[in-house]
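The structure under discussion appears below in the form of structure tokens.
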Amino acid sequence: MTLDLEISPFTADHLDAAAALLARRQAGLRAVRPELPAGFTEADGCRPLLAALLDRDGSHGVVASGGAGLAAFLIGFPRHEPIWGRACWSPIEGQAYDASTGPDVMRDLYAIWSQHFVDRGFFRQYVYAPAVDSALLDTWFLTGFGQMQAHAVRDLSLEPPMDVSFSTRRATPDDLERIAPLMDLIATQLVRSPAYAIALPEVLATYRAEYASDLQDPAAHYWLAEENGVAVGLQGFYEAEAGPMVPDGAWDLADAKTAPEARGRGVARALLAAAFAEARTAGASHCVTDWRTASLASHRSWMALGFQPTHFRLHRHIDERIAWAGAQPG
């Protein structure tokens, strides 16, 4: 390590200093993206996030400290899920560095943090980085990560397309059969080149029951586009969970799909405009969503519809053979 810093495990003793560091990062981000919440520009707003991370099962973190105090931290946790396998995650609040130190220190922290999880069989590793921090993104790319998911936001001022042949309305539980052909569209599209995102059969088998539940959920706001009685588009919204990269009171576009034969005709825009009008009435001012950046259609569509990335999920898949091929030959 070229810097005069000491790396040590992240403990409860570091919470206050780490919260202050994270708050400074958020204040800098909010200067560029003023829609981000003000509450996380204060250490008191950030401390509960870090305390929750530290309390998670299997949580592990590291900090870099020097004469000026805490210079950087990286903390995350393991997840065991069918779609992700054995993976470790550091969310957007799970890392920050002092601007005077620079992002290269994250490479040193990752060298320690990642070894902890590799030793325990977690070879799929995920971190997040703000979209405007190009130096940090380059640091992660230099360390073997690739961009996987964009998390984005836009305001709710969107006009619907004109002269369309379809209509939009709120979906109801009675629409379950009507939307059945749309249910697996995201999964069946993302398995294709160049996204190659897997779709497990056992997960696909749960979609119908999940939609039956969602359409009855008063917290869900599903909008349907139909033409001649046929569903050609569907979008589902919820109130977004609060977080450092989520505007206060934002809605979350959690589900969106357009029938292949209806694409390019303004279906997604019409559904967004209808839902945005409902969201404005409810007092919201922004909408967040996310998508796989390797999906050409998804990335181009959401960017064209005005969503601007706030942060990215990055992914590194370490060759599992390192568990036995990393030993000294012989």
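The values are calculated or read from the model by the stated rules, or taken from the named source; none is laboratory data. What you see is a predicted model; the values in this text were computed from it and never measured. No Cβ is skipped: glycine too gets one built from the backbone with ideal geometry, and neighbour counts run over all protein chains shown. Ligands, DNA and RNA are stripped out before the accessible areas are found, and what is left, the full protein with its side chains, is counted by its heavy atoms. Shrake-Rupley method; radii C 1.70, N 1.55, O 1.52, S 1.80 Å.
What to note about this one:
- Sole residue being under 30 Å from Q95 (Cβ atoms), open to solvent by 10 Å² or more (accessible area, probe 1.4 Å), in contact (Cβ under 8 Å) with a residue 40 or more places away in the chain and hydrophobic (A, V, I, L, M, F, W, C), chosen from A254, A242, A274: A242
- When the stretch 33-58 is filtered for residues that are touching a residue at least 12 places away in the same chain (Cβ under 8 Å) and among the acidic types (D, E), the ones remaining, listed by number, are E35, E42, D44, D57.
- Subset of the stretch 78-111 that is in contact with a Pro (Cβ under 9 Å, 6 or more places away or on another chain) and farther than 16 Å from H317 by Cβ - its residue that is surrounded by the most Cβ atoms within 10 Å (Cβ to Cβ): Y97
- When A225, A219, A195, A212 are checked against the criterion of being modelled with pLDDT of 95 or more, in a helix (DSSP H, G or I) and at negative phi, a single residue qualifies: A212.
- Per-region count, the stretch 156-168, residues open to solvent by less than 70 Å² (accessible area, probe 1.4 Å) and of a type outside the set (S, T, N, Q): 6
- The sole residue among F312, F237 that is among the aromatic types (F, W, Y) and either open to solvent by less than 10 Å² (accessible area, probe 1.4 Å) or without any contact (Cβ under 8 Å) to a residue 24 or more places away in the chain (or both) is F237.
- Qualifying positions in the stretch 198-209 - touching a residue at least 12 places away in the same chain (Cβ under 8 Å) and assigned to a loop (DSSP other than H, G, I, E, B): I198, A199, L200
- Qualifying residue in the stretch 260-273 (condition: within 30 Å of P48 (Cβ to Cβ), outside any strand (DSSP E or B) and out of contact with any Pro (no Cβ under 9 Å at 6 or more places or on another chain)): no
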